[in-house]
Amino acid sequence: MNENINNHNDILNGTPASPGIAIGSVFIIHDELHVPRYSISEWTVKSEIERFNLAAEQVKTKLSEISVQLVNNLYQNGAGIFQAHLMILEDRVFIDRIRHAIESNLSNAEAAVLDVGEEFLHVFSQSDDLYLRDKAVDIRDIVKHLISSLTGRERLDLSELKEEVIVVAHDLTPSDTVLMRKDRIIAFATDVGSRISHTAILARSLGIPAAVGLGAITAQLKTGDLIILDGTHGKAILHPNEENIRNYQLEQEKFRAFAESLHRLKELPVITLDGHVKKLSANIEFPDEIYAVKRHGAQGIGLYRTEYFYVGRDNLPSEDELFEDYKEVAQQIAPEAVIIRTLDLGGDKFASYLGISHAVGSMMGLRAIRLCLKYQDIFLPQLRAILRASVYGNIKIMFPMISGIEELRQAKKVLGKAKQQLTDDGVPFDPKMEVGAMIEIPSAAMTADILAKEVDFFSIGTNDLIQYSLAADRANEEIAELFEPFHPAVLRFIQHVINVAHGNGIGVGLCGEMAGDPVFTMLLLGMGLDEFSMSPQVIPEIKRIIRAITLKEAQELTREIMTLSTAWEIEQRVYEEAQKRLPELLDWGQ
Ligand code: PEP
Ligand code: MG
């Protein structure tokens, strides 16, 4: 399509993250932690401190008003949070330290707030005292408020979106999105990110278009500006003219017709032309996605990511709260299975009140099962909640980031402890609940034969398996091209794990983004994968491919692919095959 005709010729190219087209006004989320940084002269120190004082007063007034409103509405807990923020603003040590930083470092006020905030955050989050660790969240919030006030950028509350908007941000984290009114969001566009960053996964799960890695889109727009977001091709057209809009409306129509044709496959079985039946299940992150799971005809849930209960709030969820949620999901999906993955915090998913810094909980740090084994007071209630819910449907459990048999045994031991506690308390659970391991670390893939003897199933997490086998951080845009799903090493790992699982008589699924990417379907089918778990709305596309080929031809292609030496050759060959068979899926699909 020729978009160059728009007046400003503002087309940003990024990475397609979720297909479809949205035309609408943007809502910008500024990342307050990106602040201007400059030196001030000695004679402007006084006025800079004044500027800071004024900002602090404004924040105080605003927080007091919110707090009074909440008390009037009898929402005491919420008011407590804002009162805690106010106390920090009244803390002389914190405030004086910022004034001192302006004066002694000749820093602008925004930079001084950020630096002192970081210092306090570091001290608080390293503390052994849970109360002080909790305070770290308050400090972070106060820093954001102060910076918004200094930069004049209003912090807008996404839980109160009134109109439909395209959310534009530098990047979105789970805590940014947990409170969003998702029914008001028609697309996402971000400066950074990859196909497997949080924004991309969330967009696909909500079934809305998204483009990520668009460069400086936040800097080029303001809230209320009109854009066209083409998630299929990863583009944003800023300030479109009427002709652009007309053209894209036509594309939107075509996309809808395509989506409609796929929807008609909903009730049909997942079976190859030569009669081999496969399972297509859904990945979900929120319980309210169950609607999408059913709408797209998923055969159960192959991955329930459970982190959302732990982020975007000030404290840990209670066991009962978790139990109610898992029970609801199990009941809704029964008789199909729900695979609940135990907590995978760390990496790109953080709960700041746990006081684990990004460095400690990095991709290769204290993440997922490692964190759970270290903090059993977090792990046990989740396991108990899953077990308690298991009598209400068909629940299976799986552990993320297993690196080897010792870790698996430790995790199973804690599960055994949870079972024992429930037995002692006379609380029912399904004693036969299946236990699986995610295979997402090369050491687990290479010892799959050992692990297979002690679990009921495997689920391959390719998002992580790719990053760890290629040493390419999945969230680092700078090395996005090194994150190469077509790398022969990645494909060999997958093939090996599938062979070993089958050799040991257990089933194997794949729940990384690869499972929902039409380009890989034939290959994974040929490798012998049993279950593909993906964002619910891609299920019809994958079903269409599986129904259009024979297992035999998929196996032939896979055999050929496994002899190729480079990712490039593999990619070319796989695309060629996909293009030949289902060209419209490549044009419109994921
Ligand atoms: C994976 O790593 O492939 C996976 C499914 O888990 P997550 O993306 O949540 O790490
Ligand atoms: Mg993972």
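The values are calculated or read from the model by the stated rules, or taken from the named source; none is laboratory data. Quick caveat: nothing in here was measured; it's all calculated off a predicted structure. Note: ideal-geometry Cβ built from the backbone for every residue, glycine included; neighbour counts use all protein chains shown. Areas reflect the complete protein model, heavy atoms only, side chains present, ligands, DNA and RNA absent. Shrake-Rupley method; radii C 1.70, N 1.55, O 1.52, S 1.80 Å.
Flag set for Ala203, criterion: open to solvent by less than 20 Å² (accessible area, probe 1.4 Å), closer than 23 Å to Asp171 by Cβ and assigned by TED's automatic domain parsing to the domain that holds Val167. A single member of Glu336, Glu289, Glu321 is at pLDDT 90 or above, touching a helix residue (DSSP H, G or I) at 6+ places or on another chain (Cβ under 8 Å) and of a type in the set (Asp, Glu), and it is Glu321. The number of residues in the range 484-495 being out of contact with any helix residue (DSSP H, G or I) (no Cβ under 6 Å at 6 or more places or on another chain) and either open to solvent by 10 Å² or more (accessible area, probe 1.4 Å) or of a type in the set (Phe, Trp, Tyr) (or both) comes to 2. Between Ser469, Ser459, the distinction of being within 14 Å of ligand 2 (Cβ to nearest atom), among the hydroxyl-bearing types (Ser, Thr, Tyr), at pLDDT 95 or above and open to solvent by less than 30 Å² (accessible area, probe 1.4 Å) belongs to Ser459 only.
Residues in the range 445-455: is at least one touching a residue at least 12 places away in the same chain (Cβ under 8 Å), outside any helix (DSSP H, G or I), crowded, with 18+ Cβ neighbours inside 10 Å and within 16 Å of ligand 1 (Cβ to nearest atom)? No, the conditions are met nowhere in the range 445-455. Yes or no: the range 263-282 includes at least one residue that is modelled with pLDDT of 90 or more, under 20 Å from the mean Cα position of the chain (by Cα), surrounded by 20 or more Cβ atoms within 10 Å (Cβ to Cβ) and under 30 Å from Gly346 (Cβ atoms). The answer is yes, given that some residue of the range 263-282 is modelled with pLDDT of 90 or more, under 20 Å from the mean Cα position of the chain (by Cα), surrounded by 20 or more Cβ atoms within 10 Å (Cβ to Cβ) and under 30 Å from Gly346 (Cβ atoms).
Hey, among Leu510, Leu529, Leu524, which residue is within 11 Å of ligand 1 (Cβ to nearest atom), among the aliphatic types (A, V, I, L, M) and in contact with a strand residue (DSSP E or B) (Cβ under 7 Å, 6 or more places away or on another chain)?
Going through Leu510, Leu529, Leu524 in turn, the sole match is Leu510.
Restricting attention to the range 368-405 and to residues that are among the β-branched types (Val, Ile, Thr) and part of a helix (DSSP H, G or I), the residue that is nearest to ligand 2 (Cβ to nearest atom) turns out to be Ile369.
Condition check: more than 16 Å from ligand 1 (Cβ to nearest atom) and open to solvent by 60 Å² or more (accessible area, probe 1.4 Å). Does Asp424 satisfy that?
Against the criterion (more than 16 Å from ligand 1 (Cβ to nearest atom) and open to solvent by 60 Å² or more (accessible area, probe 1.4 Å)), Asp424 qualifies.
Within the range 526-544, restricting attention to residues that are assigned to a helix (DSSP H, G or I) and more than 26 Å from the chain's Cα centre (by Cα), the residue that is modelled with the lowest pLDDT is Arg544. Residues satisfying the criterion are present in the range 501-511 (criterion: assigned to a helix (DSSP H, G or I), at pLDDT 90 or above and surrounded by fewer than 18 Cβ atoms within 10 Å (Cβ to Cβ)).
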